[in-house]
Amino acid sequence: MWNRSLFFDEIGRSLCNGALTPSQRRGLEQKLTAFERYDIADDRWCAYMLATSYHETAGTLQPVEERGSGREKPYGQKRKLDGTVYHLPDRIYYGRGDVQLTWYENYERMGRLLHLSLLEQPELALRPDISARIMIEGMTRGLSARGDFTGLALEDFFNSRRDEPVQARRVVNGLDRAALIARYYNHFLHALRTATRFY
């Protein structure tokens, strides 16, 4: 699908201070492999997911835990989206992974869709293969036929009629840092297309 060495060289030069770190390279390898495994063929969707991961993981491209474990956020307590208090599982559902999965209900839904015990073991969202799968399911019309993070999917913003990387941020988190992530997207898209052209 892509000449990975060429892709790594190009994105390293354009976005990552001249070259990827070994950890960034491993993170990209995992995500590219997941795109191929789950038949994500539109390079715009791939580029936007990579840009989102780059932003949400502070450039590491590795699944991370939210700084502060959501202490000052409503999901950093044992509360559901509607304010209901829960006692079991005895876990807190702060941001984890490439796209910072949060809230009890989102762990529950994603666990059900992917047949994973995410409510009981939220740390599974930090495994690179699972994190990539959550990102793909949450951002595209996957098993649920909708974007599972917000109800919107990449298909809504990148298709035969639309090409809207700024608006695509709505797939994850309103328009928070939308222009910045769109700039990252342009770097990743150029690198992917360069790697395809010379494959």
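The values are calculated or read from the model by the stated rules, or taken from the named source; none is laboratory data. Since this is a predicted model, take the numbers as computed values, not measurements. As a convention, Cβ positions derive from the backbone with ideal geometry for all residues, glycine included, and neighbour counts pool all protein chains shown.
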Worksheet entry | Scope the range 26-85; condition closer than 18 Å to L124 by Cβ, surrounded by fewer than 19 Cβ atoms within 10 Å (Cβ to Cβ) and of a type in the set (A, V, I, L, M, F, W, C); matching residues | V64
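Restricting attention to the range 3-25, which residues are buried (at least 21 other Cβ atoms within 10 Å of the Cβ) and among the hydrophobic types (A, V, I, L, M, F, W, C)? Reasoning before the result, please.
Residues of the range 3-25 that are buried (at least 21 other Cβ atoms within 10 Å of the Cβ), as a first pass: 7-8, 11, 15, 24.
If the condition is that a residue be buried (at least 21 other Cβ atoms within 10 Å of the Cβ) and among the hydrophobic types (A, V, I, L, M, F, W, C), then F7, F8, I11, L15 are the ones that fit.
Take the residues of the range 131-145 that are in contact (Cβ under 8 Å) with a residue 60 or more places away in the chain and in a helix (DSSP H, G or I): which is surrounded by the fewest Cβ atoms within 10 Å (Cβ to Cβ)?
Taking the range 131-145 and keeping what is in contact (Cβ under 8 Å) with a residue 60 or more places away in the chain, we get 131-133, 135-136, 139-140, 142.
The next check asks that each one be in a helix (DSSP H, G or I); those that pass are 131-133, 135-136, 139.
On the way: S131: 26, A132: 25, R133: 22, M135: 26, I136: 25, M139: 26.
Across the range 131-145, the extreme among qualifying residues is R133.
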Discussion item. Looking at the range 84-101, I want the residues that are without any contact (Cβ under 8 Å) to a residue 12 or more places away in the chain and aliphatic (A, V, I, L, M) and have a partner that is surrounded by fewer than 21 Cβ atoms within 10 Å (Cβ to Cβ) and part of a loop (DSSP other than H, G, I, E, B) with Cβ atoms under 7 Å, at least 6 apart or on another chain. Which pairs are those?
Written reply: V85/K78
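Given the options D176, D148, name the one that is in contact (Cβ under 8 Å) with a residue 24 or more places away in the chain and not hydroxyl-bearing (S, T, Y).
None of the other options fit; the residue is D148.
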Worksheet entry | the range 86-114, subset basic (K, R) and outside any helix (DSSP H, G or I), residue surrounded by the fewest Cβ atoms within 10 Å (Cβ to Cβ) | R91
Practice prompt. Given the conditions (1) of a type in the set (S, T, N, Q); (2) touching a residue at least 40 places away in the same chain (Cβ under 8 Å); (3) in a loop (DSSP other than H, G, I, E, B), report the number of the one that S117 does not fulfil.
Written response: (2)
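Has the range 119-126 got at least one residue that is modelled with pLDDT under 95 and either in contact with a helix residue (DSSP H, G or I) (Cβ under 6 Å, 6 or more places away or on another chain) or crowded, with 18+ Cβ neighbours inside 10 Å (or both)?
Pass one, the range 119-126, residues modelled with pLDDT under 95: none.
No, the range 119-126 contains no residue that is modelled with pLDDT under 95 and either in contact with a helix residue (DSSP H, G or I) (Cβ under 6 Å, 6 or more places away or on another chain) or crowded, with 18+ Cβ neighbours inside 10 Å (or both).
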Practice prompt. Look through the range 48-96, keep the residues that are more than 11 Å from the chain's Cα centre (by Cα) and of a type in the set (S, T, N, Q), and return whichever of them is farthest from P128 (Cα to Cα).
Written response: T84
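Restricted to the range 3-58, and to residues that are of a type in the set (S, T, N, Q) and part of a helix (DSSP H, G or I), which residue is farthest from V99 (Cα to Cα)?
Ranking the qualifying residues of the range 3-58, first place goes to S5.
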Worksheet item: Which ones in the range 151-199 are part of a helix (DSSP H, G or I), touching a strand residue (DSSP E or B) at 6+ places or on another chain (Cβ under 9 Å) and closer than 23 Å to W2 by Cα?
Response: L154, E155
Discussion item. Can you find a residue that is at pLDDT 95 or above, among the β-branched types (V, I, T) and buried (at least 21 other Cβ atoms within 10 Å of the Cβ) anywhere in the range 175-196?
Written reply: yes
